[in-house]
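What follows is one structure encoded as structure tokens, with my remarks underneath.
The values are calculated or read from the model by the stated rules, or taken from the named source; none is laboratory data. Quick caveat: nothing in here was measured; it's all calculated off a predicted structure. The protein model used for the area step is the full one, side chains on, heavy atoms only, and it has no ligands, DNA or RNA in it. Shrake-Rupley method; radii C 1.70, N 1.55, O 1.52, S 1.80 Å.
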Amino acid sequence: MRIGLLAAVAALLLSWQAQANQTLEVDQIVSQQQQIRADVVAAKGRYGALPASKREQLLGKQDTLLSMLEGKKTTAELSEAQRIEAFNTLEWIESAINDEDAERMVCIREKTIGSNRFTRTCRTESQWAAARERAREHLSRGGACADLGQVGCTGD
């Protein structure tokens, strides 16, 4: 039974890793973004309800994305930082279109403390906001010292 469970976990991890490292065809992204752009400029369908400021932001983000992808065949040709930026831009565009800013996925690339390795952390915008609020509350209570009740810490 343990072997079956380990095999299932290994298969799940391999499947997840394949999805995380999936490369996308740039032609498909560009085609989709050009169609969205045409509809936004014409204010057709659901894009007609977008406020003018949001439309301008969307078009600006598309310009940045399309210039980043120019001359590339797949997203694998981008650096890790560029892939994260492209992902975040695509997520921003989707959330702007669907009016779901709080559910927009945002990824960051951060250096692991005590290491030269970088990790990618992805959360929804609402999860990032909640984490910022928890950190703010933690600091306003005096940080770790207040939680541990240590003598000599600032905020005691």
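Quick test for you: out of G114, G71, pick the one residue that is closer than 25 Å to V41 by Cα, open to solvent by 60 Å² or more (accessible area, probe 1.4 Å) and over 19 Å from the mean Cα position of the chain (by Cα).
Numbers: G114 fails: closer than 25 Å to V41 by Cα.
The conditions single out G71.
Do you know which residues across region 87-116 are of a type in the set (D, E, K, R) and farther than 23 Å from E56 by Cα? Outline the logic, then answer.
At the first step, the residues of region 87-116 found to be of a type in the set (D, E, K, R) are 91, 94, 99-101, 103-104, 109-111.
R109, E110, K111, listed by residue number.
Being charged (D, E, K, R), modelled with pLDDT of 85 or more and more than 21 Å from the chain's Cα centre (by Cα) is the filter here, so list the residues in region 28-55 that pass it.
Pass one, region 28-55, residues charged (D, E, K, R): 37, 39, 44, 46, 54-55.
Then keep just the ones that are modelled with pLDDT of 85 or more; that gives 37, 39, 44, 54-55.
Selection gives R37, D39, K44.
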